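The values are calculated or read from the model by the stated rules, or taken from the named source; none is laboratory data. Because the structure is a prediction, the values reported are computed rather than measured. Every residue, glycine among them, receives a Cβ derived from its backbone with ideal geometry; neighbour counts consider all protein chains shown. Side chains included, ligands, DNA and RNA excluded: accessible areas come from the protein's heavy atoms. Shrake-Rupley method; radii C 1.70, N 1.55, O 1.52, S 1.80 Å.
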Amino acid sequence: MKNKRGFASDNNAGVHPDILNAIIGANKGHTIAYGDDEYTRRAVKIIKNLLGDDIDVYFVFIGTAANVLGLTAVTRSYNSIICAESSHMHQDECGAPENYSGCKLLSVPTENGKLYLDGIKHHMYGIDFEHHSQPKVLSVTQATEMGTVYSKEEMDEIAGFAHDNGMIVHMDGARIANAAITMNSGLREITRDVGVDVLSFGGTKNGMMYGEAIVFFRKDLAPDFKYIRKQGMQLASKMRFIAAQFEAYLSNDLWMKNASHANEMAQLLAAEVENIPEVKITQNVEANGVFAIIPKESIPVLQEKFFFYVWNEETSEVRWMTSYDTTPEDIARFVQLLKKTLRQKKDT
Ligand SMILES: Cc1ncc(COP(=O)(O)O)c(C=O)c1O
């Protein structure tokens, strides 16, 4: 069966050829296992050049592990973690953050995927009261699960509040590259410079095969993290293959090229559908996702030819994600089918 293309997830795209070549390039002879190798040293150095020398960087296999282990490292089980209701860690990690860290997740309802101060403050009670879990982390996702992007000012406000209250700021950066492109900023400017303490630095959604990095911007936060990673089953023996991917990803502007393209494709898709009367775009298109309400009956017809997920069954809201390999032709074919389907519906 021919693989269906579509807009289900940026994870549905394959591996960028430069990344695959880097894996092949690293597949030479023997190296010391578990990260004590030249590839890992080089990749860590590149990340330090981007984000600052005084940081700790650890590679893991998947994004859920980056979130869960990063959070576990900076909390005790009596702590709580404040996050958006729509966040991946709250919706899509099968309770792993709670299971591993023991912490309570306190979710904030949100219209656009972002945490905001009033929602956070709602959970700020029972401080120093032993019957109540103690809020310790604010976790934001950048770009958010709803395709929006926190501005620097929004981040400053949230991070300022967290730090004033003795809390730590965690950023789920599964799509940090897309956010950096949108903000026309470097990775450092939108992470540590706006108060992020722990970053889940994603690569898989933007062309890598697998592999994420956990970055601690304060070395005192997790001096014993190597044990937490090993206990968390994320210490790769053949670490060089994650490291080689990061090296290629962060060289020759690959991460920027891929994310720019994905973002441009989302803009193109939004521009193509926004004037269709039956389509209502529901979120600002700020990264590589388009959220829209479309007539319910058209969804299965479209899904026969293109993968995508329904975000909200009740409102018939769908999520269309673009990726580094989405083409203008993919979008043209999809929009053509969408228009045809809506026309046929009118005629019946
Ligand atoms: C916002 C966000 N964070 C983290 C992840 C990491 O997921 P995984 O554990 O599948 O790599 C995802 C993947 O969908 C995501 O969308």
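Check whether at least one residue in the stretch 268-279 is of a type in the set (S, T, N, Q) and surrounded by 20 or more Cβ atoms within 10 Å (Cβ to Cβ), and report yes or no. Please lay out each step first, then the result.
Start the filter on the stretch 268-279 by keeping residues that are of a type in the set (S, T, N, Q), which leaves 275.
So of that shortlist, the ones also surrounded by 20 or more Cβ atoms within 10 Å (Cβ to Cβ) come out as none.
No, the stretch 268-279 contains no residue that is of a type in the set (S, T, N, Q) and surrounded by 20 or more Cβ atoms within 10 Å (Cβ to Cβ).
Looking only at the stretch 8-25, which residues are away from the ligand (no atom under 16 Å from the Cβ), open to solvent by 80 Å² or more (accessible area, probe 1.4 Å) and in contact (Cβ under 8 Å) with a residue 24 or more places away in the chain?
In the first step, residues of the stretch 8-25 are kept if they are away from the ligand (no atom under 16 Å from the Cβ); the result is 16-18, 20-25.
So of that shortlist, the ones also open to solvent by 80 Å² or more (accessible area, probe 1.4 Å) come out as 21, 24.
Selection gives Asn21 alone.
Do we find that Lys28 is free of Cβ contacts under 8 Å to residues at least 12 places away in the same chain, surrounded by 11 or more Cβ atoms within 10 Å (Cβ to Cβ) and either in the same structural domain as Tyr210 (by TED's automatic domain parsing) or within 16 Å of the ligand (Cβ to nearest atom) (or both) in this structure? Full working, then the answer.
On the way: free of Cβ contacts under 8 Å to residues at least 12 places away in the same chain: yes; surrounded by 11 or more Cβ atoms within 10 Å (Cβ to Cβ): no; either in the same structural domain as Tyr210 (by TED's automatic domain parsing) or within 16 Å of the ligand (Cβ to nearest atom) (or both): yes.
No, not satisfied.
How many of the residues in the stretch 320-337 are assigned to a helix (DSSP H, G or I) and either polar (S, T, N, Q) or in contact with a helix residue (DSSP H, G or I) (Cβ under 7 Å, 6 or more places away or on another chain) (or both)?
From the stretch 320-337, those assigned to a helix (DSSP H, G or I) are 328-337; that's our starting set.
Restricting the remaining residues to those that are either polar (S, T, N, Q) or in contact with a helix residue (DSSP H, G or I) (Cβ under 7 Å, 6 or more places away or on another chain) (or both) gives 328, 331, 335-337.
Matching residues across the stretch 320-337 total 5.
Just one of (1) of a type in the set (Gly, Ala, Ser); (2) over 21 Å from Leu250 (Cβ atoms); (3) more than 16 Å from the ligand (Cβ to nearest atom) trips up Gly232, so point out which.
(3)
If I filter the stretch 173-182 for residues that are away from the ligand (no atom under 13 Å from the Cβ), over 17 Å from the mean Cα position of the chain (by Cα) and open to solvent by 10 Å² or more (accessible area, probe 1.4 Å), do I get at least one hit? It would help to see each step written out before you state the result.
Here is the first cut: in the stretch 173-182, the residues away from the ligand (no atom under 13 Å from the Cβ) are 180-182.
Checking the rest, the ones that are also over 17 Å from the mean Cα position of the chain (by Cα) come to none.
No, the conditions are met nowhere in the stretch 173-182.
So is Asn284 open to solvent by less than 30 Å² (accessible area, probe 1.4 Å), touching a residue at least 40 places away in the same chain (Cβ under 8 Å), of a type outside the set (D, E, K, R) and outside the structural domain of Ile176 (by TED's automatic domain parsing) or not?
On the way: open to solvent by less than 30 Å² (accessible area, probe 1.4 Å): no; touching a residue at least 40 places away in the same chain (Cβ under 8 Å): yes; of a type outside the set (D, E, K, R): yes; outside the structural domain of Ile176 (by TED's automatic domain parsing): yes.
No, not satisfied.
For the stretch 225-252, what are the residues that are open to solvent by less than 20 Å² (accessible area, probe 1.4 Å) and either modelled with pLDDT under 95 or closer than 19 Å to Pro97 by Cβ (or both)?
The answer is Phe225, Gly232.
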